[in-house]
Amino acid sequence: MNGLFITFEGIDGAGKSTHIDRLAEAFREHGRVVTLTREPGGTPLAEQLRNLVLNDTMDAMTEALLVFAARRDHIAQVIRPALARGEVLLCDRFTDASFAYQGAGRGFDREILATLEHWVQEGGLQPDLTIWFDLPPAVGAQRLSGARAPDKFESQPLAFFERVARGYADRMAASPGRFAQINADQDVSAVWAEVGRAVHAKGMLP
Ligand code: TYD
């Protein structure tokens, strides 16, 4: 069987986690081996970089270099080996998040991001499907307000998440065939139904 690389994106508070777990279960029920992972992170080194990125103050270029360094290690240690074994690799965030958060959110140069993407994803590695949990930023902010202590990104103002959301829309416009846009402003079962339809439409699950 061919490896499948599926990523999950959206602003903080979009509610990806439940659906990533459910989708993993659905693939396992169909006999697939599933690797669940996340970015920044997914390897011991990348998890250390994640800690720095989510908690320490730094300029946008430093942040971009760290998320791509983490990604490089993650691709080499986890993503490529799992795909080579024919597994389903479900990754909570990937490079679209760098364009949305560092690019659109923090205003960092998209051309440099594109260069880093080209270097780090050698050979043109891209997800087979990216599920974008699209949520109005005001709704996301409301969902986050009740949650645990916010990290560096979660405590950003609404305007930041409005830019991040536009960043995701731009990435989708540039690669429409790769993206499935899900309306995340619905109850969990309605969101799950859309996730299921997106995966089914790609012929990845019956
Ligand atoms: P998130 O995936 O929301 O995890 P949790 O549910 O544990 O909070 O947190 C990751 C944060 O990192 C999120 O705010 C987006 C940010 N991020 C970037 O800024 N750039 C990136 O390239 C990636 C992958 C994530």
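Within region 54-80, list the residues whose amide N lies under 18 Å from a label point set 7 Å along Cα→Cβ of ASP109. Answer for region 54-80: 59-69.
With N the number of residues in region 122-181, Rg(Cα) / (2.2 N^0.38 Å) evaluates to 1.34. Derived scalar couplings between HN and Hα for region 163-180 equal 5, 4, 4, 5, x, 5, 4, 5, 5, 5, 4, 7, 9, x, x, 7, 9, 10 Hz in order, rounded to whole Hz, by the Karplus curve 6.51 cos²θ - 1.76 cosθ + 1.60 (θ = phi - 60°), x for Gly and Pro.
Quick one: ranking LEU205, LEU129 by accessible area, 1.4 Å probe, largest first, what do you get?
Working: LEU205 25, LEU129 0 Å².
Descending accessible area places them as LEU205, LEU129.
Note on ARG106: accessible area approximately 100 square angstrom, rounded to 10, probe 1.4 Å, nucleic acids and ligands left out.
Principal axis extents of the C-alpha atoms in region 94-147 (largest first, rounded to whole Å): 42, 26, 17.
The candidates ARG148, ARG166, ARG143, arranged from most to least accessible area with a 1.4 Å probe in the full protein assembly, appear as ARG148, ARG166, ARG143. Build a GNM of the chain with springs between Cα atoms under 10 Å apart, and of ALA100, ALA165, ALA114 the one that fluctuates most is ALA114.
Expressed in units of 2.2 N^0.38 Å, where N is the residue count, the Cα radius of gyration of region 75-118 is 1.41. Largest first, the extents of the alpha carbon coordinates of region 24-124 on the three principal axes equal 44, 29, 21 Å. The modelled label-to-label distance between ARG166 and GLN77, using points 7 Å beyond Cα along the C-beta direction, is 3.7 nm. Computed from backbone phi, the HN-Hα couplings of region 192-197 come to 4, 4, 5, 4, x, 5 Hz, rounded to whole numbers (Karplus: 6.51 cos²θ - 1.76 cosθ + 1.60, θ = phi - 60°; Gly and Pro given as x). Cα extents for the chain along the principal axes, largest to smallest and rounded to whole angstrom: 44, 37, 31. Distances between placed amide hydrogens fall under 5 Å for THR130 paired with THR7, PHE179, ALA180, all partners being 5 or more residues away or on another chain.
Rolling a 1.4 Å probe over the heavy atoms of the protein chains gives region 50-171 an accessible area of 46 Å² per residue. What is the distance, in nm, between label points placed 7 Å from the Cα along the Cα-to-Cβ direction at ARG143 and at GLU122? Simple spin-label model gives 3.7 nm for this pair. Taking all protein chains together and rolling a 1.4 Å probe, SER189 ends up with roughly 80 Å² accessible. Highest mobility in the GNM of the chain, judged by mean-square fluctuation with C-alpha springs under 10 Å and restricted to GLU111, GLU63, GLU47, is found for GLU111. Both the radius of gyration and Dmax for region 159-206 are 12.7, 40 Å, in that order, over alpha-carbon atoms. Placing +1 on each Lys and Arg Cβ and -1 on each Asp and Glu Cβ, with no other charges, gives the chain a dipole about its Cα centre of roughly 340 debye.
The values are calculated or read from the model by the stated rules, or taken from the named source; none is laboratory data. It should be emphasised that the depicted structure is a prediction, and the values quoted were computed from it without experimental measurement. Neighbour counts are summed over all protein chains in view; Cβ atoms, including those assigned to glycine, are modelled from backbone coordinates with ideal geometry. Each accessible area value is taken on the protein alone, full model and side chains, heavy atoms only, with ligands, DNA and RNA left out. Shrake-Rupley method; radii C 1.70, N 1.55, O 1.52, S 1.80 Å.
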